[in-house]
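Asks: Input: one structure, supplied below.
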Amino acid sequence: MALRTDLVFCTAIFMLLTGICIAYPDLGFHQFHREPLFTRSEVDQLLEISRPTREGTGQSGESIVEKPAVPQAVKNWPAEDLKLGQVTAVSVNSALQPVIFHRADREWDRNTFNMSHHYLHSNLGPIADHTVLTLDPSNGKVLEKWGANAFYMPHGLTIDRHDNYFLTDVGMHQAFKFKRGQNIPTLVFGELFVPGSDHGHLCKPTSIAVASTGEIFIADGYCNSRILKYNAAGGLLRVIPSPSEFLSLQVPHSLALIESTDRLCIADRENMRVVCPRAGLYSVKGRKESELTIQQPDMGRLFAVAAKGKLIYAVNGFTNQMLPVQGLTIDPESETVIDHWSPEAGFSNPHDIAISATGETLYVAEIGPNKIWKFDLVPPKK
């Protein structure tokens, strides 16, 4: 333990002294990024020492739940250039078709919002192109498209088991539920172009998770750093964290539900961790009530999470020159990263991740270059 502590400490000090850890100004933009980076101390995370682990066990001493399937990139997919804008989100419908949400000709840069988070380009009107594209899983060709003249700055997309579409728009400060094939939302959360922190407003909402019960979790987001839980009709049930919870989020960027263990896993981006509080879908007796926290020095800024069984697949983004941009496989119950993965060419700016209902396919969306990756989830060798 002492050796490991000294190594991490020395690494942190080296990065501090050499300037490798970049201190980003509020709403500053790194050359490799297309979304804002917030002020934080990168060294703090490297000085966070994990609890001791044992071979075959996680940090809590519990056995790892299952051996992970290994993502292997599918070559030459999509088969042709889709000419996409910033691809901010991906989900998979009941037909196992990937669906992406992209910004077409819009980009989020330093001139998109003012310091009070108001969107500055509403005069341009909504994006004229279709922003929601359904792709053929075999070759990546566009099968269906919609969303023209509806969105200003797309961000999150989740499709539930009934093929309802849940989307967030950071420019509009709103989240929506659409039934498939309909252009009028059945639920609207937040007030158009009005950022706020009360229960009737959102501020740059990032992501949505939907339970089999119909309960809705909205990550809100860049400004409020909270999760709002609603019933299926849109009535507010809970705010995470509550005043009594010892949990502090800093840009909850993506959500994934593990219903079998009643966990809501959050990509807590600027805290460089995945944290999994209770989702509150049902009462759990005899189980750990506190949140699970997965935080290791090499994780970096976590952008997206997706669940497969009791495991989480995640992607990080650029953090500093020392940490690779990569995918991670996480066992939340043992609070352990159990695998790292990426395509042969490497990731640049992964922004979202999704897994098919069969658990056989994984997709990663990137915002620069603007593209979508397909991976086969290959069972581990026995």
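The values are calculated or read from the model by the stated rules, or taken from the named source; none is laboratory data. Since we're looking at a predicted model, the values are computed, not measured. Here Cβ is always computed from backbone atoms with ideal geometry, including for glycine, and neighbour counts include all displayed protein chains.
Asks: Which of the residues spanning segment 208-229 are in contact (Cβ under 8 Å) with a residue 40 or more places away in the chain, assigned to a strand (DSSP E or B) and touching an Asp or Glu at 6+ places or on another chain (Cβ under 7 Å)?
Replies: Correct list: VAL210, LYS229.
Asks: Next up: Residues of segment 330-382 being at pLDDT 95 or above and of a type in the set (Lys, Arg), which ones?
Replies: Correct list: LYS371, LYS374.
Asks: OK, next. Restricting attention to segment 317-345, which residues are touching a helix residue (DSSP H, G or I) at 6+ places or on another chain (Cβ under 9 Å) and within 21 Å of VAL251 (Cα to Cα)?
Replies: GLY317, THR319, ASN320, PRO332
Asks: Are there any pairs with C-beta distances below 7 angstrom linking a residue in segment 240-254 that is surrounded by 17 or more Cβ atoms within 10 Å (Cβ to Cβ) to a residue that is among the hydroxyl-bearing types (Ser, Thr, Tyr) and not in a loop (DSSP other than H, G, I, E, B), with the two at least 6 apart or on different chains, and if so which?
Replies: Close Cβ pairs satisfying both conditions: HIS253/SER207; SER254/SER207.
Asks: Which of the residues spanning segment 343-353 are in contact with a Gly (Cβ under 7 Å, 6 or more places away or on another chain) and either among the charged types (D, E, K, R) or more than 15 Å from VAL305 (Cα to Cα) (or both)? Talk me through it step by step, then tell me what you get.
Replies: Looking only at segment 343-353, we keep the residues that are in contact with a Gly (Cβ under 7 Å, 6 or more places away or on another chain), and these are 348-350.
Matches in segment 343-353: SER348 only.
Asks: Given ASP169, ASP160, ASP105, which one is over 18 Å from ALA219 (Cα atoms) and without any contact (Cβ under 8 Å) to a residue 60 or more places away in the chain? I'd like the intermediate steps shown before the answer.
Replies: Details: ASP169 fails: over 18 Å from ALA219 (Cα atoms); ASP160 fails: over 18 Å from ALA219 (Cα atoms).
Matching residue, one of ASP169, ASP160, ASP105: ASP105.
Asks: Now, a different point. Please specify each residue of segment 355-377 satisfying the condition of being under 18 Å from ALA307 (Cβ atoms), in a strand (DSSP E or B) and among the β-branched types (Val, Ile, Thr).
Replies: Hits for segment 355-377 are ILE355, THR361, VAL364.
Asks: Among residues belonging to segment 297-345 that are basic (Lys, Arg) and more than 14 Å from the chain's Cα centre (by Cα), point out the one that is surrounded by the most Cβ atoms within 10 Å (Cβ to Cβ). Before the answer, list the steps.
Replies: Of segment 297-345, the ones basic (Lys, Arg) are 301, 308, 310.
Imposing the further condition that a residue be more than 14 Å from the chain's Cα centre (by Cα) reduces the set to 308, 310.
On the way: LYS308: 20, LYS310: 15.
Result: LYS308.
Asks: Continuing with this model, one more query. Go through (1) in a strand (DSSP E or B); (2) in contact with a Lys or Arg (Cβ under 6 Å, 6 or more places away or on another chain); (3) small (Gly, Ala, Ser) and name the single condition ALA306 misses.
Replies: All conditions pass for ALA306, except number (2).
Asks: Are any residues in segment 78-118 of a type in the set (Phe, Trp, Tyr) and more than 23 Å from TRP146 (Cα to Cα), and if so, which ones? Break it down stepwise before answering.
Replies: The first filter runs over segment 78-118 and keeps only residues of a type in the set (Phe, Trp, Tyr), leaving 101, 108, 113.
The answer is PHE113, and nothing else.
Asks: What number of residues within segment 352-365 are farther than 17 Å from ILE330 by Cα and crowded, with 24+ Cβ neighbours inside 10 Å?
Replies: Within segment 352-365, residues that are farther than 17 Å from ILE330 by Cα and crowded, with 24+ Cβ neighbours inside 10 Å number 1.
Asks: With segment 140-207 as the region, which strands (runs of 3 or more DSSP E) entirely inside it contain at least 1 residues that are touching a Pro at 6+ places or on another chain (Cβ under 6 Å), surrounded by fewer than 24 Cβ atoms within 10 Å (Cβ to Cβ) and at pLDDT 95 or above? Don't jump to the end; show me each part of the working.
Replies: Details: elements: 142-146, 154-159, 164-169, 174-179, 187-189.
Result: 174-179.
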